[in-house]
Amino acid sequence: MSAIELRDVVKTYPDGTSAVTGIDLTVPDGSFTVLVGPSGCGKSTLLRMVAGLEEITGGEVRIGDTPVNKTAAADRNLAMVFQNYALYPHMTVADNIAFGMRARKVPKPEREKRTREAAEILGLTPFLDRRPANLSGGQRQRVAMGRAIVRSPEAFLMDEPLSNLDAKLRVQMRAEISLIQRRTGTTTLYVTHDQTEAMTMGDQVVVMSKGRIRQVGSPTSLYDAP
Ligand code: ADP
Ligand code: ADP
């Protein structure tokens, strides 16, 4: 696990759109940091630059003490969780969780051990032999989390992972993701446009608008702000 540092990060898309400017942010090691702000304020752009899925126009991103501007996404050892967590329909839950480890040639006993541990954390142990079609929406979301956990990444990067779930499940999964984050202690950068989600999940909340950071603090300090 590692802190993530952004120093004076800028992104201008090739069509001239200025997505973010002058972003200075520290995501402390082990923290649950939430980026919150209205649609179009630059949250996804920022997350994708940390992930290495979007080139940065200016500034520097560091993971741990390592500058990663020139590091390919696949070499950053970060685990992304999106809203559209495509699971493989023909594979079991266990194989879906283990898929990335197989691709990276993790030995079979180690794959099985990590899959069992992740399933235990996520309450998926009874469902390891099921296929995604026979799971609830929340269980599918947990499988997507399982894929992220077994990689033992430096950090989790999550972009609106709950936005496709119904309201009741969304509230339940907020608590589950917070719990998983605390249990694994994995540095997490989480993007949402939902203020309640930000305030209930984050231990550091970063408020963005129009491509800039406006406020950074704990949920209580932001509630108390004038
Ligand atoms: P958010 O995640 O907060 O909704 P985004 O990071 O998706 O915001 O977008 C920030 C700004 O950058 C918006 O104005 C958006 O239209 C623009 N943008 C995002 N992706 C691209 C792209 N590939 N090309 C041009 N503009 C983009
Ligand atoms: P979100 O609200 O989750 O940020 P968007 O609808 O803004 O999602 O963006 C979805 C996809 O469309 C992203 O991959 C983004 O790069 C792209 N995109 C967003 N805005 C633009 C734009 N103005 N021009 C080109 N691509 C864009």
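Residues whose amide H comes within less than 5 Å of that of Met208, counting only those at least five positions distant or on another chain, are Val36, Gly37, Arg214 (H built at 1.01 Å from N in the peptide plane).
Axis angle, to the nearest 10 degrees, between helix 167-184 and the longest C-alpha principal axis of the chain: 90 degrees. Other residues lying with their Cβ under 13 Å from the Cβ of Asp8 contribute a combined charge of +1, Lys and Arg counting +1, Asp and Glu -1.
Backbone phi angles across region 195-205, fed through the Karplus curve with coefficients 6.51, -1.76 and 1.60 (θ = phi - 60°), yield HN-Hα couplings of 4, 5, 4, 4, 6, 8, 9, x, 9, 10, 10 Hz in residue order; Gly and Pro are listed as x.
Per the Cα gyration tensor, the chain maps to an equivalent ellipsoid with semi-axes of 30, 20, 16 Å, ordered largest to smallest.
For Gly58, the amide hydrogen comes within under 5 Å of the amide hydrogens of Val10, counting only partners 5 or more places away or on other chains and with H modelled in the peptide plane. A DSSP coil position with no more than 14 other Cβ atoms inside 10 Å describes the following GluC sites (Glu not before Pro) in region 39-133: Glu55. Could you compute the FRET efficiency for Ala175 and Lys113, with r as their C-beta to C-beta distance and R0 at 25 Å, rounded to 0.05? For Ala175 and Lys113, the calculated efficiency is 0.40.
Axis angle, to the nearest 10 degrees, between helix 93-103 and the longest C-alpha principal axis of the chain: 70 degrees. Stretching Ala74 away from Asp194 to a fully extended chain increases their span by 40.3 nm, per 0.36 nm per residue minus the current alpha-carbon distance.
Note: region 1-108, Cα convex hull, 148 Å³ per residue. Over all directions, the projected convex hull of the C-alpha atoms in region 45-124 averages 7.0 nm² in area. Backbone phi angles across region 27-42, fed through the Karplus curve with coefficients 6.51, -1.76 and 1.60 (θ = phi - 60°), yield HN-Hα couplings of 9, x, 3, x, 7, 10, 9, 10, 8, 10, x, x, 4, x, 7, x Hz in residue order; Gly and Pro are listed as x.
Read the figures in this text as sums done on the coordinates, not as results from a lab. Here the structure is a predicted model, which means the values were calculated and not measured. As a convention, Cβ positions derive from the backbone with ideal geometry for all residues, glycine included, and neighbour counts pool all protein chains shown.
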